[in-house]
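The values are calculated or read from the model by the stated rules, or taken from the named source; none is laboratory data. Keep in mind that what you see is a predicted model, and the values were worked out from it rather than measured. Positions of Cβ are backbone-derived with ideal geometry, glycine not excepted, and every protein chain shown enters the neighbour counts. Areas reflect the complete protein model, heavy atoms only, side chains present, ligands, DNA and RNA absent. Shrake-Rupley method; radii C 1.70, N 1.55, O 1.52, S 1.80 Å.
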Amino acid sequence: MTVTISDIYLKEVSSGKLVKAELHDSIQQTHLDHHDQHWKPVTTKLKEQQGHWDWQKKWTHYSTQLSFQSFAIECNGETQGMMIVNTIMRCQIPQQANKHLVYVEYLEAAPWNRRTVTNTPKYKLVGTVMIAAAIQLSLDEGNQGRIGLHSLPQADTFYRDQCGMTDLGRDASKQSLFYFEMTEAQAVQYMQGR
């Protein structure tokens, strides 16, 4: 499978400058190895909610199914974020109920980029770029930018306030996590605001 790599920019917190990075439209073994060697020891030690995520298992399972796609962000030789999405899920917001959307199954930024781990993150915009990638895939799939996801508690405000997604409340079928969905109009606003 051919991997498409797009140039993107992350904000380096120490300098306040935008630095060039790469968005890969498929997670590669090097990304998984980097996760196991550099991310997992930190998240496990801190008992982060994603600390139990086994990206190797997830990727092995989902990469063989046509309805799933993965993404990874690299900057300065390090994996900064990974995401797996499902392209055949359906909307729940009444005005777009049962229309297709891109559902974000898993999204994780490297621990050194998360305020829940450090007061001085290395890079900002990892989650922002990943959400933009999910929206772009939704557009490419003919879903007009519609996306949905269940949020871990530490990310609720990011999806609600920074991404402008609609909060549909807790979902008892998904460990009572909040479910968020983005409408076509919200997707346009998000992409214009970047």
Gap in Å between the Cα centre of the range 12-85 and the Cα centre of the range 98-137? 10
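With every protein chain present, what is the per residue accessible area of the chain (1.4 Å probe, Å²)? Write out the running numbers ahead of the final one.
Numbers: 9950 Å² over 194 residues.
Value for the chain: 51 Å² per residue.
Tally Lys and Arg at +1 and Asp and Glu at -1 over the other residues with C-beta under 11 Å from the C-beta of Tyr159: what net charge comes out?
Details: positive: Arg160; negative: Asp156, Asp161, Asp167, Glu181.
After counting each charged neighbour, the total is -3.
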Given the -39500 (n - 2.57) contribution per DSSP H run of 4+ residues, what per-residue ellipticity at 222 nm results for the chain, rounded to the nearest 500 deg cm²/dmol? -6500 deg cm²/dmol
Surrounding net charge for Lys122, when Lys and Arg each add one and Asp and Glu each subtract one, Cβ distance under 14 Å: +2
Partner aspartates and glutamates whose C-alpha sits under 14 Å from that of Lys45, ignoring same-chain residues fewer than 8 away, are Asp36
5 Å-binned pair-distance histogram of the range 76-194 (Cα, whole percent): 2, 11, 22, 25, 20, 12, 5, 2, 0
Give the carbon-plus-sulfur fraction of the accessible surface of the chain in %, rounded to a whole number; probe 1.4 Å, heavy atoms of protein chains only. 50
Once amide H atoms are placed 1.01 Å from N in the peptide plane, what residues at a sequence separation of 5 or more from Tyr9, or on another chain, have their amide H within under 5 Å of its amide H? Ala21
Nearby lysines by direct alpha-carbon distance to Lys99 (threshold 25 angstrom, same-chain neighbours under 8 apart not counted): Lys174
Peptides 101-109, 117-125, 170-178, 140-148: what's the order by average Cβ count within 10 Å, highest mean first? 101-109, 140-148, 117-125, 170-178
Name the lysines eligible as straight-distance cross-link partners of Lys11: C-alpha to C-alpha under 26 Å, and not fewer than 8 places from it in the same chain. Lys20, Lys40, Lys122, Lys124
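Find out how many positive minus negative residues lie around Ser70, taking Lys and Arg as positive, Asp and Glu as negative, among other residues whose Cβ is under 11 Å from that of Ser70. Intermediate values should be presented prior to the final figure.
Details: positive: Lys58; negative: Asp25, Glu105.
After counting each charged neighbour, the total is -1.
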